[in-house]
Every structure is written in structure tokens, then in C-alpha cells.
Amino acid sequence: MNRIDKSLLEKISALHNISLGAVNIRKNGEVVKRENSAEIEIVPKKNKSGIDVFIKPNLKNKAVHIPVIITEGGIDDLVFNDFFVGENAFVTIVAGCGIHNTSSDTSRHNGIHSFHLEKGAHVRYIERHIGEGNGKGGKILNPTTKIFQKENSTLEIETLQLGGVTSSARKTVATLGKGAFLRIQENILTENDNTATTDFKVTLNGENSKVEVVSRSVAKGKSVQKFQSNLVGKASCFGRVECDGILLDEARIVSVPMIDAVSKDASLTHEASIGKIAGDELVKLMTLGLNEKEAEDVIIKGFLLG
Amino acid sequence: MLKIEDLSYLVSDGDKEIVKNVNLHFLDGKIYVITGPNGSGKSTLVKLIMGIIPPTAGKIIFDGKDITDLSIDERANLGMSYAFQQPVTFKGLKVKDILNIASHKENDFNALCDLLSKVGLCAKDYLQRPLDGKLSGGELKRIELAMVLARESKLNIFDEPEAGIDLWSFESLTNIFKNLNSTTIIVSHQTKILEIADSCILLKNGKVEKIGRYDEIKPFLSTTCGKLRGGNE
């Protein structure tokens, strides 16, 4: 691995200190490293690109890393990764994709993931996306996530995209069983002419199932972000979507909420606010000695990473 | 250390003068309390001093330097601090973050603990808490005070610092002001704060009506301010 490979991997994967259970690193459309453990088995798919990851029941505090890096232009990578998490297992899965493209040809990664959580399973899924390199070629990321949660399972998704990605389209579809909990925290920064769209659909089928979606967006330059969410409550359940956006320059953020209480016992809320940085926040930080640009940076960093 | 000369502020339509030709001289290490009825221009005057709003006429001289045209951050970096009447909240910044920004350094736990203890808060309960609307008004007000203490400035300005801190004793608050060892300007109506002032400045309709110790201006307060607020309200 060269310096760029290591730097990209560090940025998208070095996020925790949980002991590693298994790893699958993909570079420019090819697998470059794969390690299994006794409790976590990674099996390559036979008829298409991708892997099945089997996590044994009751496994505690182990991590699976499946980062993808692209360091060339003209790559169009499509990969299918399916996770099968056994009953009462508790694992951290670190995914994400880093594209370093200095060429004039566009590179694209389409990661199609599915999560199948058995009863009582608990997964923390961390997905970091970055784009680097000053080539004119696009750096495009299109993650699709399909989620199937059984009774009393928990899935916590943390998505972070900090600029440089010219275009991203995220699609997440989830179905929650009895007592299942899904939490999604999505933080996205776009700049220049970037576009980023997010589309969530969560169906709460089980009694006492719960979903929380928190989206924080910062749009700079002439970038455009679009956030769509659709919560469908088919049982006595709780769902909350919060979408906050900060606009700078000539950027635009669109938020499209939809909540559908099919069951009269469903409790669903959506809150959205979009606007420029509050003037009183800038003034407060300036009274502490920061100039306007430094104050703006502190506010944005806190908003996205705090 | 701070002089304001013929300072005026007209609202943008130009027909209402909020602060009118105010001349004041603040000396090193003294405590000044600006008081007066609602709408008398107290908060506007301290905002003008900090540069939060620009004056329409007049000069502000700080340590011999004309700072009238300096930005807020330039004044802050010369040694001025300002505690807001309504503390500002942030999405994503923690109490620890804002105290480190205020003091311009990464403080260890003990240093941050000392700061928060001075305003009656326990560091282990507060340092990791987001500085957002989930904190009560009183908690935010005390953290606002702690930010000023963290800066160790030559000039400290407090706009109605007592509001919302009713569960904390006034004595603790006035002790903070007495122990600052800096020039302190406080906007307040509270008797117990007026009592600790080296000099009280009574404003009325944007003009200085009277300057003196509390007992000297007290006879003018009842007619100018209406009912004066006691320390425990």
C-alpha cells in the first residue's frame, strides 16, 4: 500500500478502538486484503461482486472493517455487501469509501449494503465518505442501504461526508420489527458544484419500534443538497426526523418530509430548519476573540462533528 | 483606561436617538454599574463599547488607542470581554469547547473545574454537555460568566448578569465582580449589584442623568426607574 492508500484508509476507517474481528479492503474494484476470524466469516459472492458477512450470535465488542478506496480515474465499482448478524451479537461495522482522483475521468462507487439483524442484535455502523484529488474527473458515491431488523434489535448508523464528493445519492430503506430501534445520524458537507441527495424510507411494522433520523447539512458554494424522508408507522411506534441545514454562499438545501401514521397509535414527528449561520452565534464567538471566518469554521465544525 | 467621547447612536431611520452624546471615563480596576429605566439605552451603550453595533457619532478610546472603528474580535483581542444578556446557544459546541475557545488554550480538567466552580457548577456534570437549549436559562447564564472569567481580560462588560440565576446566591455573583481585579462595567437594576459599584451611572433617555456612588444616586432612582428590584427577586 502506498501513502495515498494509507491516508485514505486512515480517514475513513480509523474511528474507534474496538478490537478487530474481520477485514475486507477493496481498492479500485479489486479485493486487496481479507481476513476472517473464528466468529466473523466473510464469504465472497459467487455470481456478482461483493461479500456476505456472517456474524455469530452473542459475539460482543468486535469490529468488522470493509473500507473501499479508489485511487484512479475511470473506475466504476458496483459492490453488494450483505451482513447477517446473529442473535444478541454486538458489533461495530466500519465501511465508507475514499476516492482520490487526480485524473479527468470520473470514478464512481456504488455500494449496495443489506443488514439482517436477528433478535436482540446490536450493530453500530460507521460510514465515512471523502473525495480528494484536484482532477476534473468526478468523485461519485452512491450508497444504498437495506435494513431488516427483527425483535428488539438495534442499529445505529453514523454517516459522515466531509466535502470533495462531487455527487452522492444515498438511499436507505428499513423495516423494523417489534421493539426494534434504528438511529441514523447523517452529517454532510457539500461545496463548489457538489450535489448530495438522501432518501430514507422507514417502515415501523412492530409494536414499540422506534426510529430517529438526525440529518445535519452544511452547503457551501453553489452546491445543492436534497433530503427526503418517509416514515410509515404501522403499529404503536415512535418516529422522529430532524433535519438542520446551514447555507453559505449561493448554496441550496431542500427538505421534503413525509410521515404516514397508518396505525392510530403511531407517533411520528418531523422537524426541519434551514438557514444561514445565526448572527448571534458569530457575534458571540467574535467577542471571544475569533475573527468572522474563524467563528464560521468553529460553528460548522461543531455542527457537523460535535 | 476606557473613555467614551460624545458617543451617539441613532436607529437606522434616523429619527430616534438611543444614545445621545455620552461622555464617560472608566478607571483601571473599578466597578461601574450602568442603570436606568427600560429603554434608557443601557444595553445599547455597552454594545457600542464592545463594537456589536457601530456608533453614529463619537469616539471610544481604550488604553489610549482609538478603537471606534475596530471590529468586535479586534476589541476582544485588546483585552475586552462581554457577557450577553441572553446567552447564545450552539448546535454541536460543548461547554468544554466554548471555555477553551474563550481562554485561547486547551485547558486540563482541573483548570476547567476551577472556572466552573467559581460560577457554582460542577465540571463533571457540565463539561461534556452541549451548549444548547437543553440547559436552563440560569445554567447558560453562569456558563456565560465562566467564559468571561476564562478570558482574564482588562475590561469586563456584563449585560444584566443577574437574570435567571435566582437559585445561586447574589453574594456569590457579587464576589465574582469584586474579585475580578479588572475594570468592570455591569448593566443592572439590582440593588445588591448597585451597592458594590465604585460608581453608578444613571441613564435616562440615552443621556447620563447622574453619576455617583449608590447612596448618591439612590434618590434619583425612585423617580427615574420606578420600582427598584431587590436582590432576591
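Remarks
- Selection of region A:136-157 for residues being modelled with pLDDT under 95 and assigned to a strand (DSSP E or B) yields A:139, A:140, A:141.
- Residues of region B:75-99 satisfying the condition of being free of Cβ contacts under 8 Å to residues at least 40 places away in the same chain and over 18 Å from the mean Cα position of the chain (by Cα): B:92, B:93, B:94, B:96, B:97
- Of the numbered criteria (1) in the same structural domain as residue A:174 (by TED's automatic domain parsing); (2) of a type outside the set (Asp, Glu); (3) buried (at least 16 other Cβ atoms within 10 Å of the Cβ); (4) under 30 Å from residue B:52 (Cβ atoms), the one residue A:221 fails is (3).
- Across region B:158-167, the number of residues qualifying as in contact (Cβ under 8 Å) with a residue 40 or more places away in the chain and surrounded by 18 or more Cβ atoms within 10 Å (Cβ to Cβ) comes to 4.
- Highlighted here are the strands (runs of 3 or more DSSP E) found entirely within region A:13-83 that include at least 3 residues which are under 20 Å from the mean Cα position of the chain (by Cα): A:20-27, A:50-55, A:60-65, A:68-70.
The values are calculated or read from the model by the stated rules, or taken from the named source; none is laboratory data. Please read all numbers here as calculations on a predicted model, not as lab measurements. Please note: Cβ atoms are built from the backbone with ideal geometry, for glycine as well, and neighbour counts cover all protein chains shown.
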